[in-house]
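K.L.:
Dropping the structure in here first, questions after.
The values are calculated or read from the model by the stated rules, or taken from the named source; none is laboratory data. Note that the structure is predicted; figures quoted are calculated from it, not measured. Glycine gets a Cβ as well: all are built from the backbone with ideal geometry, and neighbour counts include every protein chain shown. The accessibility values were calculated without ligands, DNA or RNA, using every heavy atom of the protein model including side chains. Shrake-Rupley method; radii C 1.70, N 1.55, O 1.52, S 1.80 Å.
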Amino acid sequence: MFAALQSTPWAYPTLEALHIVGIALLLGNLVALEMRVFGRAGAIPVQPFARLSLTISLLGFGLAACTGLLMFATQPGELLANRYFLIKMGLLVAAGANALCFHLRGSLRHLDGLARAQMLLSTAIWLAVVFCGRWIAY
């Protein structure tokens, strides 16, 4: 299977495109939720919007993770030697830890200063993940 990814001219670019779609679904919905929490679109109730937004974000993460693992499998040695890849993996762990703390704390029910700070931190981490992802290729 991995040989086909390397030898078929359209396979790897397709994976990259799907990876970007996953990231767009993830980051776009997190930013939309953050905008709502910070006062935009006040007519939309936060809790139902959060359920929808986070569900789509999780689907995006799943797509990005699956395509990312497939891309990793085609060149693990090169990627493990790439400092931006390693930074990206560390940032993914940080994003997961932040999300876990956010949800264990019940931050969507509180939406206090700490919850807002966690949301801003999440967006910053995901943006750093995107930047590192682009630098992996160079």
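K.L.:
Got a sec? Which of 39, 60 is part of a loop (DSSP other than H, G, I, E, B) and free of Cβ contacts under 8 Å to residues at least 40 places away in the same chain? Lay out the reasoning, then the answer.
P.N.:
Working: 60 fails: part of a loop (DSSP other than H, G, I, E, B).
The unique qualifying residue is 39.
K.L.:
Here is a follow-up. Return yes when residue 43 is open to solvent by 30 Å² or more (accessible area, probe 1.4 Å) and farther than 22 Å from residue 127 by Cβ and no when it is not.
P.N.:
Working: open to solvent by 30 Å² or more (accessible area, probe 1.4 Å): yes; farther than 22 Å from residue 127 by Cβ: yes.
The answer is yes for residue 43.
K.L.:
Which condition number in (1) within 16 Å of residue 137 (Cβ to Cβ); (2) without any contact (Cβ under 8 Å) to a residue 12 or more places away in the chain is the one that residue 68 fails?
P.N.:
Every condition holds for residue 68 apart from (2).
K.L.:
Which condition number does residue 52 fail, the rest of (1) open to solvent by 70 Å² or more (accessible area, probe 1.4 Å); (2) of a type in the set (A, V, I, L, M); (3) modelled with pLDDT of 95 or more; (4) over 25 Å from residue 117 (Cα atoms) being met?
P.N.:
Unmet for residue 52, out of (1) open to solvent by 70 Å² or more (accessible area, probe 1.4 Å); (2) of a type in the set (A, V, I, L, M); (3) modelled with pLDDT of 95 or more; (4) over 25 Å from residue 117 (Cα atoms): (4).
K.L.:
A further question on this structure: Could you grab me the full set of residues in segment 92-106 that are in contact (Cβ under 8 Å) with a residue 12 or more places away in the chain and open to solvent by less than 30 Å² (accessible area, probe 1.4 Å)?
P.N.:
95, 98, 102
K.L.:
Which is of a type in the set (Lys, Arg) and modelled with pLDDT under 95, of 109, 105, 83?
P.N.:
Values: 105 fails: modelled with pLDDT under 95; 83 fails: modelled with pLDDT under 95.
Being of a type in the set (Lys, Arg) and modelled with pLDDT under 95 holds for just one of 109, 105, 83, which is 109.
K.L.:
Take the residues of segment 59-80 that are more than 19 Å from the chain's Cα centre (by Cα) and farther than 15 Å from residue 16 by Cα: which is surrounded by the fewest Cβ atoms within 10 Å (Cβ to Cβ)? Break it down into steps so the answer makes sense when it comes.
P.N.:
Residues of segment 59-80 that are more than 19 Å from the chain's Cα centre (by Cα), as a first pass: 73-78, 80.
Right, trim to farther than 15 Å from residue 16 by Cα and you get 76-78, 80.
Details: 76: 11, 77: 7, 78: 11, 80: 11.
For segment 59-80, the residue satisfying everything is 77.
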